[in-house]
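Inspection log for the structure reproduced underneath, given as structure tokens.
What follows is calculated from the coordinates using simple rules that are stated; it is not laboratory data. Being a predicted model, the structure only gives us computed values, none of them experimental. Glycine also receives a Cβ, built like all others from the backbone with ideal geometry; neighbour counts cover every protein chain displayed.
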Amino acid sequence: GGGGAGEVRLGIIDAGLVVELTERDRRNFLSLFKAIGQGDGELAGDLMLRHAREQRCDDPAAFRRGMRNLVESARAGERGAFNLRHLKVGEVLLEVTSLVRTHHVQPDPVFTTLVCAIVVLEGLGRQLDPTLDLFSVGLPLLVGA
């Protein structure tokens, strides 16, 4: 029907990407997600260095500064929120990709797959509710998972 009173509707969203997180992967991703959500780019950079599959970073301090600048610029939107109206996740992740390549940091493939899934879901989320704050909604869900 037309969505009348009392009618129940169910929507299913499939990003098309599947990854199984080990407990270690889950903890690593949550700690990175939390650091970014709290606006701590230096800590996010440090976590990426510590959890990288391989890294030959000549200047870890420069990598951490780059992550700090990236997180600060991403939070520059309305009230410092990570809402979809102001934050272009794909662009931010492209900058992270450039940063890890420049500093010779190889993220874990699980992290890369999660990033791809987030980019796919960003486009859908932007269409459904551009004011949605990804971190205020996503962090409690991830922590409770």
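Numbers for the structure displayed
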| quantity | calculated |
| --- | --- |
| 3J(HN,Hα) from dihedral phi, segment 119-129, Karplus parametrisation 6.51/-1.76/1.60, rounded to Hz, x for glycine, proline | 4, 4, 5, 4, x, 5, x, 4, 6, 7, 7 |
| Cα-projected label distance for THR113 with ARG56, points at 7 Å along beta-carbon direction, nm | 2.7 nm |
| For segment 96-106, Karplus couplings with θ = phi - 60° (6.51, -1.76, 1.60), whole Hz, Gly/Pro x | 4, 4, 5, 5, 5, 5, 4, 9, 6, 10, 9 |
